[in-house]
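Every number in this text was worked out from the coordinates using simple rules, so none of it is lab data. As the structure is a prediction and not an experimental result, all values here were calculated from the model. As a convention, Cβ positions derive from the backbone with ideal geometry for all residues, glycine included, and neighbour counts pool all protein chains shown.
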Amino acid sequence: MVAPSEDAGTLFRGEYESEKSLRSHLVGDHGEVAFGEWASLGWFPYFWFFFGDCRVELNRHIPLTVSVVRRLGDIDLDLLGMRVQDIRVEYAIGDLNIQLPSAAGSTTATIGATIGDIKLGVAAELGARIAVGSAFLGSRYVDRDVFERRGYEYVSKGFEEAENHLDLRIHSHLGDLRIVRV
């Protein structure tokens, strides 16, 4: 789970359910938080440490790029009150629940998923354009009072006039999609 921190002085903090600690480092002018390494040869003895819940809190006042890469398991991102301007989510199997940022100005996002349900929570003040690729297989629930369908896109009414915008692309996926107002 990724959520905003209530402490304005905290850049980030987090923990695994298994008590495995997070690692962080700077890459250029970007900070990265890592949750274990699957690429090393000695990963097998620690295999079970990577399962279980993980919670990360990020500073809600700093513009962020959030990139989540996961192979297995559910992902819950509460970005509603944050200033996230770029979101990248890639995963193989699991359900995804995202509360999208409502006051970040302009946010771009992509979701690359294989199997699992996706639920997108979109705030009323956010102008959203959500493109769903042609390789998407599953049922779709979209609040028709809020979104208009334009080909493979769902565009919120008043998109052009909104102060805050989201441009989201969902690539090939097998599972259900729900787009709702929060």
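Please give me the summed charge of the neighbours of THR108: other residues whose Cβ is under 14 Å from its Cβ, Lys and Arg +1, Asp and Glu -1.
Around THR108, the surrounding residues sum to +2.
When Lys and Arg each count +1 and Asp and Glu each count -1, what net charge do the other residues less than 11 Å away from GLY138, Cβ to Cβ, add up to? For residues surrounding GLY138, the net value is 0.
Taking label positions 7 Å along the Cα-Cβ direction at both ASP86 and ILE62, the computed distance is 1.6 nm, reported to one decimal.
Can you pull a Stokes-Einstein diffusion coefficient for segment 74-167 at 25 °C (0.890 mPa s), Rh from Kirkwood over Cα pairs, as a whole number of µm²/s?
Values: Rh = 13.7 Å.
The diffusion coefficient I find is 179 µm²/s.
Between ALA162 and GLU148, full extension at 0.36 nm per residue minus the direct alpha carbon distance yields a gain of 3.5 nm.
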